[in-house]
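Everything below concerns the one structure shown next.
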Amino acid sequence: MDDKGSVGKISVSSDSVSTLNSEDFVLVSQLGDETPSSTNNGSDDEKTGLKIVGNGSEQQLQRELEDVLMDPSVAEHGLGPAAGMDGLGAGDHDLLPSTVSPIPPGSDPLSAHSPKLEMVLPVQTAQESELNERSYRGDESSSESSPGSPLPDEDSVVFSQLTYLGCASVNAPRSEVEALRMMSILRGQCQLPLDVTLSVPGVSEGTVRLLDPHNSTEIANYPIYKILFCVRGHDGTPESDCFAFTESHYNAEIFRIHVFRCQIQEAVSRILYSFATAFRRSAKKAVLSSQQAAPLTPDSDLFTFTVSLEIKEDDGKGTFSAVAKDKYKQSFKLRAGMDKKIVIYVQQTSNKELAIERCFGLLLSPGKNVKNSDMHLLDLESMGKSSDGKSYIITGSWNPNTPQFHAVNEETPKDKFMYMTTAVDLVITEVEEPVRFLLETRVRVCSPNDRLFWPFSKRSYTETFYLKLRQMERKERKSPASDTLYEVASLESETERDKRKTTASPGILPTGAGTMVPSPPEDDEEEDNDEPLLSGSGDVSKECAEKILETWGDLLSKWHMNLSVRPRQLPALVRSGIPEALRGEVWQLLAGCHNNDHQVEEYRTLITKESPQDSAITRDINRTFPAHDYFKDTGGDGQDSLYKICKAYSVYDEEIGYCQGQSFLAAVLLLHMPEEQAFSVLVKIMFDYGLRDLFKQNFEDLHCKFFQLERLMQEYIPDLYNHFLSVGLEAHMYASQWFLTLFTAKFPLYMVFHIIDLLLCEGISVIFNVALALLKTSKDDLIQTDFEGALKFFRVPVPKRYRSEENAKKLMELACSMKISQKKLKKFEKEYHTMREQQEQQEAPIERYERENRRLQEANMRLEQENDDLAHELVSSKIALRKDLDNAEEKADALNKELLLTKQKLVESEDEKRRLEEESAQLKEMCRRELDKSESEIKKNGSIIGEYKQICSQLSERLEKQQTATRGELDKIRLKVEGCERCSGLFNKEGRVRAAVTRAPAGGPEETDEEKEGLNNQLREMELELAQTKLQLVEAECKIQDLEHHLGLALNEVQAAKKTWLTRTLSSIKTVTGSQGKETT
């Protein structure tokens, strides 16, 4: 938040309340001839806050609206715009604004006129507001006995002649530079300072008080433990007579600085010395009455610690959620077989702070009163201080499936439970030995499929421990140079102390104020305290009866067939409550978001845009549903989605933008559907259900709703209506949150979800039913309260009463049973507008003109601001367009260059294409010629082979014939030889010539020799001819084989040429031709 924006800006109106953030209020007016344009810079904080112009009741409404986002500690605080005004003199009472006290019965709440006053005032408690009301009414005796008066027995130093300059929020509470800067700003902007008396205590447990110098009435108080830093102005500067201190405001979430000016400059040093003394000194023990018990032990050696145990289980989604705790038996409900985590929170609550160095070990064991040897060490995941530095957090992982934890991993009977002991050993820097805190808790183990709890709240077991230390002598220390100063004298828990006291005095219960320090109560116990219920509290189970689910399943099946028509039995089922598991789907159908694709796309565009209310959204997100695990982590998924939805809506709805309270409704929707669908349903509720109309025209429609509620009270609950009239309590003082946040801000989630069920089904008039039901059930309690008591009752007990699911069901049944007709509401609305017209007519002309003038001035200022914004947007858009145009021209030049290069490449590609086409044609022609040549050669080879085969066949036939003839002739010769006595001896039986031829007898005739010689010659010729024939036959067969071999090679070459060379050539030609064609196109 901008510091300058937090100091205060003058509003346009002379009687307006501007909320610069959710805590800082500035009562402003227009003095003299000051120009509004010079005082309103149009900051984001100014735009995002509520601005209500008109009368005192609207200012009180502003105060009530602001309570929506307050921390629980704010329940004890309120806005006191008239704090300390008694110091202005008795004659100034007529200048007090109407917000000081409730408007008396019978007065006109809409015509009350606020004074012209400009002052920055501190925040007061509710008791102080009551004090001022009493002083305003003239009840002087009440101021004397007011609780705001200084305590007479408090040791304090009082400084007078001081002037209170104002307060502002700061981001760095311990920064001297920022404190001096804020001191300078407040000193320069303060136009109407407030004279005060400052009381600084002398003990650290005391309280700094601002008193009225005239009658010593307390204006405000600040406990010392909340004051973080003091600073004075530098010498030689205009701020040398000023000093300031910062305090933690609203439970340490906001830090504020208070600035004072001292009329005596030398007294500034004395005041700071008093603050330093208060920081150093220990509190003196107050003398207790005889009815009070004596202190347990001196504070010097007793240290109190609060130790909380939280168990988390794996929820099956990759995260660990806190397990539920039984409401009545105070036992954790565990599921068998699920991985778990143990989280220990240790916080010191009394005495000087001891530094926790580290965790020595985290141990766990089934049962109670276990031995140290039975404890089992867990694996530590993390240890260290929390973000606010107040607690020390230890986290360990626990696998229940291990054998040593078998006892706490078995299902226990329904009505029984068992004990589990957890221990944490901490090493404290100044203590000799580790300190062990032992926690014994009840647990019940159920089936993994048993009832699952929706993790709406953090459940933990808390125990208070009392650690008594004894200071050690140097000689007793293990190491004289060590930091250890103490040893543990005793360590006792709150439970052990109660048992010991009960055993010692069984008939006496400890009732004294000093006998015990109670541990923090659980969020579901019916304790009586003043802390409001945190938003987002309550458990909502997804468990539902099978018959109900079947009924809803049949209804949804029929509904999906015709989404334009709602089923007849739908209203009756919705009045009983929609099952939690079906709420997301049913809510979207009721709101008419079943076909919202266009809005989903629009949402994704909206989240990329800048929102003028970003700072207010960010501030409110951190305070939305702090009790819910999904939204409690800063920067977590829940807060991130919630921020996106609120930001998108602020951009989507420029007229209304983001308003305080929207984040609660968006968070409720986010718990049941994704953020895109949640945004669509939020838009439907704001526009179609008329919620955004409540924020328009200075909340005119909201005031009409208040009037309608009061008329309904007059008809349905007349005695309560008359009581509210008698105490001056008006509807806007308690019902503003109900209408603007639809009960989502303070009430338990079970009740909130049921109200949204009815709202989406029956319309926004359901708020009247719920409001009347609340008032009717609380009538007996409210009638017994006064003004302040009634406001407190609405703020604290009413929401807590409905943490019980049974009470919430009864309330919703009563609300549904109340019949409020639209005709009656229209009648009351007409009455309201008639009353407003009469008031305007009865109003004095000057006042009417002044009011109209203020309205026109405000409209003029708004239009001027819009004009400035539009002018700024126009200049920015022109600059952006000029830049876009330059970029476009640069891109055009680059594209032209690329186009020229592309054209050149195209020409080259076309030339290359033509060349390749010519080469392709040549290759085709060459291939054709080669193919023809190959085919002719194949034909020629085929004819040669045929002729060769024919010749071979002819030669074979001829050879066979010659062989046949030769064998015939040989047979003839053999017969002739065998018939001749002389020749038969020359041949053997096989027809061969014998090797040794017997010599012929001497004196044979010569004719016989010649005949033999002739026969031998003829035989040799025949053998030679036979050998030649055989040789020719072999040569012919060789030629045939050679020709067949050549023929096979030729066929293979032709086939290979067809498959390889020709194919590759043709495919390459096709590829080149195709690529060139693409480039050409």
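Structure notes:
- With DNA, RNA and ligands ignored, accessible area of residue 560 (1.4 Å probe; Å², nearest 10): 90 Å²
- Exposure rank, largest accessible area first [856, 814, 165; 1.4 Å]: 856, 814, 165
- Alpha-carbon spread of segment 548-618, three principal axes, descending order, Å: 46, 24, 17
- Here the accessible area is traced with a 1.4 Å probe on the protein chains. For segment 535-656, carbon and sulfur cover 48 percent of it.
- Taking every protein chain into account, the accessible area of segment 732-888 amounts to 51 square angstrom per residue (probe 1.4 Å).
- Per-residue extension of 0.36 nm, minus the Cα-Cα distance of residue 960 and residue 919, leaves a gain of 8.8 nm for this segment.
- Packing rank of 724-730, 1032-1038, 258-264, where each peptide gets the mean count of other beta carbons within 10 Å, highest leading: 258-264, 724-730, 1032-1038
- Peptides 341-348, 831-838 ranked from most to least packed give 341-348, 831-838, packing being the mean of other C-beta atoms within 10 angstrom over each peptide's residues.
- Length available on full extension from residue 1028 to residue 1047: 0.36 nm per residue minus the Cα-Cα distance, which gives 4.0 nm.
- Carbon/sulfur fraction of accessible area - segment 671-753, other protein chains in place, 1.4 Å, %: 46 percent
- Prolate/oblate/rounded label for segment 162-204 (Cα gyration tensor, a/c 1.5): oblate
- More than 23 angstrom apart: percent of Cα pairs within segment 534-678: 44 percent
- Of the GluC sites (Glu not before Pro) in segment 654-703, the ones in a loop by DSSP (not H, G, I, E or B) with at most 16 other beta carbons within 10 Å are 654, 655.
- Accessible area (Å², 1.4 Å probe, nearest 10) - residue 349: 80 Å²
- Segment 694-818: C-alpha pair distances exceeding 19 Å, %: 46 percent
- The accessible area of residue 548, taken with all protein chains in place and a 1.4 Å probe, comes to roughly 80 Å².
- Calculated over segment 638-732, the projected area of the Cα convex hull averaged across directions stands at 7.6 nm².
- Translational diffusion of segment 789-884, µm² s⁻¹ [Kirkwood Rh, Cα pairs; Stokes-Einstein; 10 °C; 1.306 mPa s]: 80 µm²/s
- Whole-angstrom gap from segment 200-257 to segment 684-729, using each part's C-alpha centre: 40 Å
- Surface accessible to a 1.4 Å probe, per residue, for the residues of segment 293-450, Å²: 48 Å²
- Summing charges over all other residues whose Cβ lies under 15 Å from the Cβ of residue 558, with Lys and Arg as +1 and Asp and Glu as -1, gives -1.
- Net +/- balance of residues flanking residue 716 in space, Cβ distance below 14 Å, scoring K and R +1, D and E -1: +2
- For segment 868-938, a Kirkwood hydrodynamic radius built from all Cα pairs, placed in the Stokes-Einstein relation at 4 °C and 1.567 mPa s, yields a translational diffusion coefficient of 74 µm²/s.
- Here segment 888-955 exposes an accessible surface that is 55 percent carbon and sulfur, computed with a 1.4 Å probe and the other protein chains kept in place.
- Segment 843-884 and segment 578-616 have Cα centres spaced 31 Å apart.
- Sites residue 906 and residue 881 - FRET efficiency at Förster radius 30 Å, r taken between beta-carbons, to 0.05: 0.30
The values are calculated or read from the model by the stated rules, or taken from the named source; none is laboratory data. Bear in mind that the values here come from a model prediction, so they are computed numbers and not experimental data. Every residue, glycine as well, gets a Cβ built from its backbone with ideal geometry; the counts of neighbours run over all protein chains shown. All accessible areas refer to the heavy atoms of the entire protein, side chains included, with ligands and DNA or RNA removed. Shrake-Rupley method; radii C 1.70, N 1.55, O 1.52, S 1.80 Å.
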